[in-house]
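Enquirer: Next up is a structure, given as structure tokens.
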Amino acid sequence: MLTLTSGTMRQITRMLLQRFLTTAFICCILSIDTVAAAPMDEGISAYLKGNYKKALAIWEPLATQGNAEAQYWLGSLYFNGQGGVLQDYKIAMKLAHQSATQGLASAQFVLGHMYADGEGTGQDFQEAVKWFRLAAEQGHEAARKILKTPKMIEAAKSLDPPQDQPE
């Protein structure tokens, strides 16, 4: 027969309470993430269905609050002139830059393209390489491929210190 002492009961109660609180905390975190992700998913779904005005209405306040993904998608509306906004490469670049500096690889890739193509700014291949590299470091496959093109290889030479030649 197993006898439980009051000390053992306290330990079991403490352990069960810890597990309960940990589980409750995790559930709260997951529901917060779900709530935060829901508007983005709704905006993306609207965008993919061609309902750009709805996407704009969803992403604009999120982008203003600093949401990197919303900034990226809102930038695409300005880049393409969709959702009732005029095509404006400068605003698109500003939004892409805000998103890219927060580490969103897809925004870093787009920003690289904008610098390479001179959209929203003067053409700057060295700046393009910087952003493509950041995206590539995060596993962005298209950024890795573009860095292997002759134009980007040439631009990268001016960024990289010269290699010591073996004697």
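The values are calculated or read from the model by the stated rules, or taken from the named source; none is laboratory data. Please read these numbers as outputs of a predicted model, since none were measured by experiment. All Cβ positions, even for glycine, are placed from backbone atoms using ideal geometry, and neighbour counts span all protein chains on display.
Enquirer: Output yes when any residue across segment 57-75 is acidic (Asp, Glu), over 15 Å from the mean Cα position of the chain (by Cα) and in the same structural domain as Ser45 (by TED's automatic domain parsing), and no when none is.
Expert: For segment 57-75, residues acidic (Asp, Glu), over 15 Å from the mean Cα position of the chain (by Cα) and in the same structural domain as Ser45 (by TED's automatic domain parsing): present.
Enquirer: Within 22 Å of Gly112 (Cα to Cα) and of a type in the set (A, V, I, L, M, F, W, C): does that describe Ala63? Before you say what the answer is, go through the steps one by one.
Expert: Values: within 22 Å of Gly112 (Cα to Cα): yes; of a type in the set (A, V, I, L, M, F, W, C): yes.
Spelling it out, Ala63 is indeed within 22 Å of Gly112 (Cα to Cα) and of a type in the set (A, V, I, L, M, F, W, C).
Enquirer: Okay, next question. Quick one: Phe25 ticks every box in (1) modelled with pLDDT of 50 or more; (2) part of a helix (DSSP H, G or I); (3) not aliphatic (A, V, I, L, M) bar one, so which box is it?
Expert: (1)
Enquirer: Examine segment 141-153 for a residue that is surrounded by 12 or more Cβ atoms within 10 Å (Cβ to Cβ), under 30 Å from Asn51 (Cβ atoms) and within 22 Å of the chain's Cα centre (by Cα), and state whether such a residue exists.
Expert: The first filter runs over segment 141-153 and keeps only residues surrounded by 12 or more Cβ atoms within 10 Å (Cβ to Cβ), leaving 142-147, 149, 151-152.
Restricting the remaining residues to those that are under 30 Å from Asn51 (Cβ atoms) gives 142-143.
With within 22 Å of the chain's Cα centre (by Cα) added as a condition, the list becomes 142-143.
Yes, the conditions are met somewhere in segment 141-153.
Enquirer: What residue, of Glu119, Glu127, is in contact with a helix residue (DSSP H, G or I) (Cβ under 9 Å, 6 or more places away or on another chain), in a helix (DSSP H, G or I), surrounded by fewer than 19 Cβ atoms within 10 Å (Cβ to Cβ) and among the charged types (D, E, K, R)?
Expert: On the way: Glu119 fails: in a helix (DSSP H, G or I).
The conditions single out Glu127.
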